[in-house]
Amino acid sequence: MKNKIDKKHFMILTTYRDAVDFLQEAQAVLEKNEAANNLMLGICLQLKQFPEKVKIAPYLATVVDGDDLALAAIMTPPHVLVVHGARPNCDEALAMIAQDLLQNRWNVPGVSGPPQITEKFAMIWTNVAGAKYKPGMGRRLYELRTVIPPQPTLGALQLASENDIELVARWIGEFAAEALPGGDMAKSRESAASRIALGDSYLWENVQPVSMAATTRPTTNGIGISLVYTPPEWRGRGYASACVAALSQRLLDSGCKFCCLFTDLSNPTSNHIYQSIGYTPLADFNEFVFVC
């Protein structure tokens, strides 16, 4: 169900009650560059597939100029707003989104998206909401269509089972503490159990589990990889490279045309590891965090 709430010149801002309606408007445009838009597409397709898991209603909006999508924005609280701009200059559309969020009293903790529009939104939000902003984590999105086999490494890829819930929960917590400041470690076990039940979590095992990776955000032709984690005592032995390469190959063999993943731009090690097994840089994402 749609709710058209604003019109300025030929631009119309529309908010959506659910991901089904949002995707009906935006999916075709986003899929023109499916890998680059994996984050927004994947989140919304998950919302569509598992509506029963939505505990807090998401913010879903588009700004259309005539017949063209100018901007799409989504937010799944407590996460930051994710924006997609379909044109170089979308200041007017960003301002419309900001005004709508403010008028409807949404708590906006930050914004993430392509560099050319995220800081513009941050500046607009500062003006309308009175908040300040600071840089968050800069991320780079990588895409893989052909795996470059890494150096042979002892061990093999295994699908995590119910017997691995406590281990995966602990590693998700450690990953959150290390890679995602502010991550909720209390929810690690719930996340581990859910992922294992869905068949999303994998372990690289060499006598015992030594590394982890998970699939996330499947789209029409591709899928994301996340939660790549190796405990400190097992690092430097090629386990993460072997794990991600094997998982990527398994996904391609299953019919995915591409895999994609995000890295922290400030971590040169992870950026190098992924490129060495066939991941190529696709796009950068900036994040700005809003503070009072």
**OP:** Hey, can you grab everything whose amide H is under 5 Å from the amide H of Leu71? Only 5+ residues off in sequence or another chain; H modelled, so Pro and N-termini drop out.
**Re:** Val63, Ala86
Original post:
What per residue convex hull volume, in Å³, do the alpha-carbon atoms of the stretch 77-147 yield?
Top reply: 116
Subject >> Dimensionless Rg over Rh [the chain; C-alpha; Kirkwood] >> reply: 0.98
Subject >> Whole-Å semi-axes of the stretch 49-187's equivalent ellipsoid (Cα gyration tensor) >> reply: 35, 20, 16
**OP:** Could you pull out every residue, at least 5 positions away or on a different chain, whose amide H is within less than 5 Å of the one on Ala283? Hs are placed 1.01 Å off N in the peptide plane, and Pro or chain starts have none.
**Re:** Leu141
Original post:
If one takes the longest principal axis of the Cα atoms in the chain, at what angle in degrees, from 0 to 90 and to the nearest 10, does the Cα axis of helix 19-30 lie?
Top reply: 80
**OP:** Tell me what the chain gives for mean residue ellipticity at 222 nm when only DSSP H runs of n ≥ 4 count, each as -39,500 (n - 2.57), the sum divided by the residue total, rounded to 500 deg cm²/dmol.
**Re:** -11000 deg cm²/dmol
**OP:** Quick one: what are the phi-derived ³J(HN,Hα) couplings along the stretch 96-111, Karplus 6.51/-1.76/1.60 with θ = phi - 60°, whole Hz, x for glycine and proline?
**Re:** 5, 4, 4, 5, 5, 4, 5, 4, 9, 6, 7, 7, 10, x, x, 9
Subject >> Length-normalised contact order for the chain - Cα pairs under 8 Å, 6+ apart - percent >> reply: 22
Original post:
Over what distance in Å are the Cα centres of the stretch 246-292 and the stretch 57-106 separated?
Top reply: 25
Original post:
Based on the alpha-carbon gyration tensor of the stretch 232-286 and its eigenvalue square roots a ≥ b ≥ c, which shape applies: rounded if a/c is under 1.5, prolate if not and a/b is larger than b/c, or oblate?
Top reply: oblate
**OP:** Just rank Glu119, Glu233, Glu166, Glu143, fewest to most, by other beta-carbon atoms within 10 angstrom.
**Re:** Glu233, Glu166, Glu119, Glu143
Subject >> J(HN,Hα) series, the stretch 232-242, from Karplus relation 6.51 cos²θ - 1.76 cosθ + 1.60, nearest Hz, glycine and proline x >> reply: x, 6, 10, 6, x, 10, x, 5, 5, 4, 5
**OP:** Please get the size of the charge dipole for the chain, origin at its Cα centre, with Cβ charges of +1 on Lys and Arg and -1 on Asp and Glu, quoted in debye to the nearest 20.
**Re:** 240
**OP:** Rounded to the nearest 10 degrees, what's the angle between the helix 165-179 long axis and the longest principal axis of the chain, both from Cα atoms, 0 to 90?
**Re:** 60
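A short reminder: the numbers here are calculations on the coordinates, not readings from a lab. Keep in mind the model is a prediction, meaning the values are calculated, not measured. Don't worry about glycine lacking a Cβ; one is built from the backbone with ideal geometry, like all the others, and counts go over all protein chains shown.
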